[in-house]
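Okay, structure first, notes after.
The values are calculated or read from the model by the stated rules, or taken from the named source; none is laboratory data. Owing to the predicted nature of the structure, the values given are computational and were not obtained by experimental measurement. Here the Cβ positions follow ideal geometry from the backbone for every residue, glycine too, while neighbour counts run over all protein chains shown. Areas reflect the complete protein model, heavy atoms only, side chains present, ligands, DNA and RNA absent. Shrake-Rupley method; radii C 1.70, N 1.55, O 1.52, S 1.80 Å.
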Amino acid sequence: MSQRPSQTAEPSGDETTARPPDRPRSVAVEDLELTYSDGTRAVDEVTLAVPRGEFFGFLGPNGAGKTTTIKVLATLLEPTSGTVRIEGHDVTADRTRVRAAIGYMAQETSVDEELTARENLAFACDAYGVPRGDRADRIDDLLDLVDLAAVADTPAGTFSGGMKKRLDAATALVHDPQLVFLDEPTTGLDPEARNRLWDYFRRINDRGTTVFLTTQYLEEADELCDRLAVIRDGRIVADGSPDALKRRVGGAVIELGIDGGSDAVDAAAATVREDPAVDDSTVERTDEGLRVTTNDAGELGPDLLVALREAGVAVTDFSVEVPSLDDVFLAIADDAVDAFDGAKAAAGTARDEADDRHRAAVER
Amino acid sequence: MSAPDADAVAAGETAVSGTGTTVSDTGNTFFGDVRVNAERWTRKAVHNPTAFLLEIVVATFSLVLFSAVFGDVGEAALARAGFAGVDYLTFLLPAVLMQATMGSAFSSGMGLVRDLDSGMFEKTVVTPMSWTAVFAGKAAAELARIVVQLVVVLGLAVAMGARIETGLVGAAGVVAVCLLVGLLFMAVSNVVGLLARDDEVVNAASMLFMFPLLFLSPAFVPLSDDIEAVAAFNPITYGVDAVRALVLGRDTLTVLSVSRFGDTANTLVPAVAVLVALNLLVGALAVRLLARASSAEAV
């Protein structure tokens, strides 16, 4: 599913349990809890580990605790309890070392609009103590990387939202950090600006930098991440690779349109069942023809088409529907609600809410 | 003043960074961090000099208008109050310098609020820079901005005929006293900014402070008996009197009677002492609020 060209970090080993392999860890969180002074527990019993070089996604709806978590990891909020180690340094005891080791891109675009792109980067270089001699080259490299070289000496206040975001991301990288936190980096951007940022994040990750991304866009997590954790109401409710999470929901669905009435459909069904990868329970009749559920649509789809053609069945329509992370998210959200309060009525209400979220996600 | 953490000390330590490489030093030093932040705020001021220039224009207008409108009346009042022979322009100079200083000082709180709004505040906090150095650098740039304005206004006033009896040393003293007042109102504007988190409130507060304080002081005319009691609690009274003592080369303080230091110093010593005390008080509050805003405390 991942369309990443060459991934420096090998894909996370065991996808079903999603245990990170034994590599040095960029992020190691144990039993993190964060309670605000008004008593709101924003993060509860969160345990997670992100190995070096991974593109890790933290997925959840608004208010789930994503930003609170990322702020704790980036030393901006002190944990109420639990331990957080970033690149081996404790976020409370060793705050300055953590700050020197990470890049942080906040949810709101943070650039100094009165300064030019180059001046923003120069300030970031100074702030992170980049050696004077490396500065000019580093700044030029980053301006190229985020395609802002042509407007390097223009005040950032004149930039579009996407350009500001790219500049913001570049300033988080001046010190070549091992780990970058990106808090909902594409919220509010148009699709083109979003795609450019995605390219850019992949390039960062390809250079070996660990990326910790929060997002409420399921598509974004699916597109970019090696591994995901899903957070809801301050708790992690699922984790694994995007593919593994999708498998939790069930297989892909192949829809076949068959011409020639009921007999033709019966003949087609018989042909389909002959394929060793198909068992009876996964074949259903529909108004247009047949529906086949499978875990391997990529291979089965073409096989079926060839078999049907050889059997003389006229296939008028063919489509494959792979479950999206939206489906995963809805399934998980429902599971979590069911587990929390059990009552069917409550689950129904929650499902409606989940549907609303689903709609919102689709509309976006 | 309690720094929120030991970051100033730890900033120079070894940090693992880069793609698996170890960089021996973050390269940060306390004074380096001060310089970096002073540079940032100076660049911002240079890129957008409108406010800076307007403050100079307003001060110049005040100087011209007040001396033209109140000149003759003012000099008669001056003679009655024991300032016989002092021309009104010279008498007015401290008022205009205070006005320019206060106006400029409030840009400190405005800059802070804009940084809070734009996320630059958080972005600066999350760097390995020392928290103390970040704000010291910002304050240094703002004080430098005030110095430039004061020098311009002083130069214009002298060109228009104002006399500084104590010469260049006295003029340096004038700038120093103005900076004490500037620092005080920078602290005030930061407190307002951190409590309100709204730059329009900071802007309104600057007007709210500036005009009553200037008029309830001996800035424009010598104090009448009616307002003397109020003026004694007005920090601008001490700033104006200290500057005026340096401009005229004599004791001008009316709200306190001090006689043990000798002539000009009878004004300077108590006035500066009051301003320093107020700076410590309001400064401590501002530093506390800034420390809280930059801390990782979950609120």
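What does the convex hull of the Cα atoms of the protein assembly as shown come to per residue, in Å³, rounded to a whole number?
201
Collect residues whose amide H, placed 1.01 Å from N in the peptide plane, falls under 5 Å from the amide H of A:ALA238; neighbours closer than 5 in sequence don't count.
Those qualifying (amide H under 5 Å, at least 5 residues apart or on another chain) are A:VAL230.
Please identify the DSSP H helices in chain B that span no less than 27 Å along the helix axis (Cα) and have a mean Kyte-Doolittle hydropathy of 0.0 or more.
B:50-80, B:88-118, B:131-160, B:167-196, B:263-294
Using heavy-atom solvent-accessible surface (probe 1.4 Å) with all chains present, what is the largest-first order of A:ASP141, A:ASP222?
The most accessible residue leads, giving A:ASP141, A:ASP222.
Given the protein chains as shown and a 1.4 Å probe, how many square angstrom of B:ILE164 are accessible, to the nearest 10?
For B:ILE164, the solvent-accessible surface is approximately 40 Å².
With a 1.4 Å probe and every protein chain kept in, tell me what percent of the accessible surface of the stretch B:245-299 is carbon plus sulfur.
Carbon and sulfur together cover 62 percent of it.
Return the average number of partner chain Cβ atoms within 10 angstrom of each residue Cβ along peptide A:105-112.
Mean inter-chain Cβ contacts per residue within 10 Å come to 5.
With Cβ to Cβ distances under 12 Å as the rule, what net charge do the other residues near A:VAL315 carry (K, R +1; D, E -1)?
Every neighbour counted, the sum reads -4.
Ignore the peptide's own chain and count Cβ atoms of other chains within 10 Å of each Cβ in A:127-138; give me the average, rounded.
Whole-number average of other-chain Cβ neighbours for A:127-138 is 4.
Over the residues of the stretch B:131-183, compute the C-alpha Rg and express it relative to 2.2 N^0.38 Å.
The reported ratio for this selection is 1.34.
For the stretch B:216-299, which trypsin sites (Lys or Arg not before Pro) are both in a DSSP coil and crowded by at most 13 other Cβ atoms within 10 Å?
B:ARG260
What FRET efficiency comes out for the pair B:LEU65/B:LEU208, r = Cβ-Cβ distance, R0 = 22 Å, nearest 0.05?
Working from the Cβ atoms, E equals 0.50.
Roughly how many nanometres apart are two label points built 7 Å out from the Cα toward the Cβ at B:ARG292 and A:ARG309?
Spacing of the two 7 Å Cα→Cβ label points: 7.4 nm.
Calculate the FRET efficiency for A:THR92 and B:LEU285 from the Cβ-Cβ distance with a Förster distance of 35 Å, rounded to the nearest 0.05.
In this case the efficiency is close to 0.85.
Using a 1.4 angstrom probe, figure out how much accessible area the protein assembly as shown has per residue, in square angstrom, rounded to the nearest whole.
In whole numbers, the protein assembly as shown has 43 Å² accessible per residue.
Partner chain Cβ atoms within 10 Å, averaged over the residues of A:76-83 - can you pull that number for me?
Going residue by residue through A:76-83 and averaging, the value is 2.
Can you check what the net charge comes to around A:VAL46, using other residues whose Cβ is under 10 Å from the Cβ of A:VAL46 (Lys, Arg +1; Asp, Glu -1)?
Result for the local shell: -4.
For A:GLU78, which sequence-distant residues (separation of 5 or more, or a different chain) have an amide H within less than 5 Å of its own amide H, given hydrogens modelled in the peptide plane?
Here the answer is B:GLU297, B:ALA298, since their amide H atoms fall under 5 Å of that of A:GLU78.
Could you pull the Rg and Dmax for chain B, using just the Cα atoms, both in Å?
Spelled out, the Cα radius of gyration and Dmax of chain B are 21.4, 79 Å.
Residues of the stretch B:226-241 with the amide nitrogen closer than 19 Å to a label point 7 Å from the Cα of B:VAL258, along Cα-to-Cβ, please.
B:228-241
Which stretch or stretches of the stretch A:311-332 have amide N atoms under 11 Å from the point lying 7 Å from A:GLU274's Cα along the Cα→Cβ direction?
A:311-313
Excluding ligands and nucleic acids, what accessible area in Å² is computed for B:LYS44 using a 1.4 Å probe, to the nearest 10?
So the heavy atoms of B:LYS44 present about 20 Å² to solvent.
If you find the alpha carbon centre of the stretch A:102-149 and of the stretch B:126-184, how far apart are they in angstrom?
31
A:SER160 versus A:THR293, label points 7 Å from Cα toward the beta carbon: distance in nm?
4.3
Around A:ARG285, under 10 Å between beta carbons, what's the net of Lys plus Arg minus Asp minus Glu among the other residues?
Computed value for this residue: -3.
With +1 on the Cβ of every Lys and Arg and -1 on the Cβ of every Asp and Glu, and nothing else charged, how large is the dipole of the stretch A:230-283 about its Cα centre, in debye rounded to the nearest 20?
The calculated dipole for the stretch A:230-283 is roughly 580 debye.
Using the beta-carbon distance between A:ASP31 and B:VAL230 and R0 = 60 Å, what value does 1/(1 + (r/R0)^6) give for FRET efficiency, to the nearest 0.05?
0.50
Tell me the total accessible area that B and A bury against each other, 1.4 angstrom probe, in square angstrom rounded to 100.
3600
Give the distance, in whole Å, between the Cα centre of the stretch A:160-187 and the Cα centre of the stretch A:308-322.
46
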